[in-house]
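Asker: Provided herewith is a single structure, encoded as structure tokens, for subsequent inquiry.
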Amino acid sequence: GETSRALSDIGGHLIDLTWFVTGLSPKSIFYEKQTLIPERKKPSGEWVKIKNEDYGTLLIRYTNGAQGVYTFCQTAAGHIGSDMWMEISGTKKGILWYEREPNILFLKRAGDDDEIIEVDDSKYNTHGQFEVFSDFLGWIDGKDSGCVATFNDGHRQVYLVELALQSSESGSWVDWKI
């Protein structure tokens, strides 16, 4: 939309994935955004001014004391299409996952060798849209696969964008109230 692009588009996917994997709930957020390329040329040759961000950094404080740092950019050179990864680090273990290799999870351990966990299943990677859509239709029929976004998930994403824009405008942390 006109008010947010990087966060409401690519950023929303990464944050939703992190919430799904960790189950953590936000306590407060801080968002800083920029428009790195303020004018762009349309395919028609017309130049247009960009009114929303193409880069943003979101900080989240979670209710359990954990912190999250998220960075999104739609104009990074060398990144074609979506280039998303998630890293969750604790004091003893962590995980690392790349969207471009969706069936591989790196399990990281302090003071020990990393373990690579590979799943031979394309159901939920970027090429498995048919299976995901099939799960959604099953959800409508009352068959919950556990992997379908709900209306509450969508509401949480919209709320996140609204709160982040409020934070960016004020330049301060804002409390999560839902």
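The values are calculated or read from the model by the stated rules, or taken from the named source; none is laboratory data. Predicted, not measured: the structure shown is a model, and the values here were computed from it. Note: ideal-geometry Cβ built from the backbone for every residue, glycine included; neighbour counts use all protein chains shown.
Asker: Inspect all residues belonging to the range 116-139 and state whether any of them is of a type in the set (A, V, I, L, M, F, W, C), under 30 Å from residue 33 (Cβ atoms) and modelled with pLDDT under 80.
Answerer: Scanning the range 116-139, I find at least one residue that is of a type in the set (A, V, I, L, M, F, W, C), under 30 Å from residue 33 (Cβ atoms) and modelled with pLDDT under 80, so the answer is yes.
Asker: For the range 51-92, how many residues are within 16 Å of residue 18 (Cβ to Cβ), touching a strand residue (DSSP E or B) at 6+ places or on another chain (Cβ under 8 Å) and free of Cβ contacts under 8 Å to residues at least 24 places away in the same chain?
Answerer: Residues that pass the stated criteria total 6.
Results for (1) more than 25 Å from residue 153 (Cβ to Cβ); (2) crowded, with 17+ Cβ neighbours inside 10 Å; (3) not small (Gly, Ala, Ser), shown as yes or no for each residue.
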site	(1), (2), (3)
3	no, no, yes
11	no, yes, no
58	no, yes, yes
100	no, no, yes
112	yes, no, yes
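Asker: Which of the residues that make up the range 51-85 are over 16 Å from residue 165 (Cα atoms) and modelled with pLDDT of 90 or more?
Answerer: If the condition is that a residue be over 16 Å from residue 165 (Cα atoms) and modelled with pLDDT of 90 or more, then 61, 62, 63, 64, 65, 66, 67, 68, 69 are the ones that fit.
Asker: Has the range 93-114 got at least one residue that is farther than 24 Å from residue 24 by Cα, touching a strand residue (DSSP E or B) at 6+ places or on another chain (Cβ under 6 Å) and at pLDDT 80 or above?
Answerer: Pass one, the range 93-114, residues farther than 24 Å from residue 24 by Cα: 100-101, 111-114.
When the remaining residues are screened for being touching a strand residue (DSSP E or B) at 6+ places or on another chain (Cβ under 6 Å), the result is 114.
Applying the additional criterion that residues be at pLDDT 80 or above yields 114.
Within the range 93-114, one or more residues are farther than 24 Å from residue 24 by Cα, touching a strand residue (DSSP E or B) at 6+ places or on another chain (Cβ under 6 Å) and at pLDDT 80 or above.
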